[in-house]
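For reference, the structure is listed below as structure tokens.
The values are calculated or read from the model by the stated rules, or taken from the named source; none is laboratory data. Quick caveat, the model's predicted, so the values are computed rather than measured. Neighbour counts run over all protein chains shown; Cβ positions are idealised from the backbone, glycine included. SASA here: full protein model, heavy atoms, side chains in, ligands and nucleic acids out. Shrake-Rupley method; radii C 1.70, N 1.55, O 1.52, S 1.80 Å.
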Amino acid sequence: MPVLEISDLITAVDPQSGHRLPVSRAEVIRLLDEAGDARAARIVAGLPTDRDGLLDPDAVDRLLVSVHAELQRLSEELRIGERLVHLLGPLFQAIRATSGPGRYRLVDVGCGLGYAVRWLAATNALGPDVELVGVDLDAALVTEAGRLARAEGLDCHFVHGNAFDLPEAATVYISTGVLHHFRGPALSEFFRSQAASPAQAFCHFDIAATRLAPVGAWIFHLARMRHPLGRHDGVASARRAHSDETLLRAAAVPGITPLLYEPRGAANPFCTTLRPIIGVRPHLEDPFRRSLGRAARRLVGPDYLTGPTR
Ligand SMILES: C[S@@+](CC[C@H](N)C(=O)[O-])C[C@H]1O[C@@H](n2cnc3c(N)ncnc32)[C@H](O)[C@@H]1O
């Protein structure tokens, strides 16, 4: 049976226009019941609707913003900012070394409240030649991200829309906690659209699939999240996490060398953590490895899929 996240079901936008679409509460409950998730169906049954049974969009927005604010605390605890810079610093160093000086653009796909982009802007960790942009399909989240950035006086910006439909190309795409939303062919399509763009590289962090990840996520979200929706979706996302092998296979698209940092074999199975799938243009692989130094030993490529332990 499919594992569903409530937050994916209670908002809908027209993919062409980006306009918000009405969502029937009864329909969401039916989908969750069909997926055998009575607990999630009960959570949705408690959300307010209008007289026609359509979910109140303002209440849904408020709820999702507050759940994402709690999610931001997890990003802080998991030191997502530092972990991004550990890889993106050497990646931009390799890009500068091969492309020469210029203006580069980092795009965070599905930025939510923009924690990663705001952290990078606040620390100026990547340097003044890297423009920082967060993009999300959800208008309420991305509006709040922009408000926070202005309140914090940060040099970064946020855009409502599809990260792959921007008028200006990204040099590097990143994301945190987004990959597991793309299933089956949509996951390969996600990587293919980046390979088809002028981007030089991508670096997408998501929950590492381990047998203990759902238990770890349950403890973490119980301790850190107040709303039952946040707790439910935190555990569901750990259950939907892609394996290292799935990510390496899906990211092996023409024009990209896929690399996984700290695969499961090298990680402590008791820790729920995030690890990135990285993709670089083939000419960038050696300079990137050199910039990473000793840490490059923690990278694995497509050979990992056929190695002796597979
Ligand atoms: C689980 S949230 C992750 C939020 C954020 N990265 C974080 O770590 O808190 C996933 C987000 O991805 C967004 N999303 C998915 N595909 C997208 C795309 N192609 N362009 C922009 N946003 C996208 C969704 O709207 C959703 O808000």
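Using the structure shown, decide if Ala209 is crowded, with 16+ Cβ neighbours inside 10 Å, in the same structural domain as Asp165 (by TED's automatic domain parsing), within 14 Å of the ligand (Cβ to nearest atom) and modelled with pLDDT under 85. Considered against the rule, which asks whether it is crowded, with 16+ Cβ neighbours inside 10 Å, in the same structural domain as Asp165 (by TED's automatic domain parsing), within 14 Å of the ligand (Cβ to nearest atom) and modelled with pLDDT under 85, Ala209 comes out as no.
Within segment 119-128, can one find any residue that is touching a His at 6+ places or on another chain (Cβ under 7 Å) and either at negative phi or touching a residue at least 12 places away in the same chain (Cβ under 8 Å) (or both)? No, the conditions are met nowhere in segment 119-128. Residue check: Glu27 meets all listed conditions (1) modelled with pLDDT of 95 or more; (2) open to solvent by less than 60 Å² (accessible area, probe 1.4 Å); (3) part of a helix (DSSP H, G or I) but one, namely (2).
Which condition from (1) aliphatic (A, V, I, L, M); (2) closer than 22 Å to Leu88 by Cβ; (3) open to solvent by 70 Å² or more (accessible area, probe 1.4 Å) is the one that Leu154 breaks? Single failed check for Leu154: (3).
Annotation: Cys111 fulfils all but one of (1) within 11 Å of the ligand (Cβ to nearest atom); (2) open to solvent by 40 Å² or more (accessible area, probe 1.4 Å); (3) at pLDDT 95 or above; the unmet one is (2).
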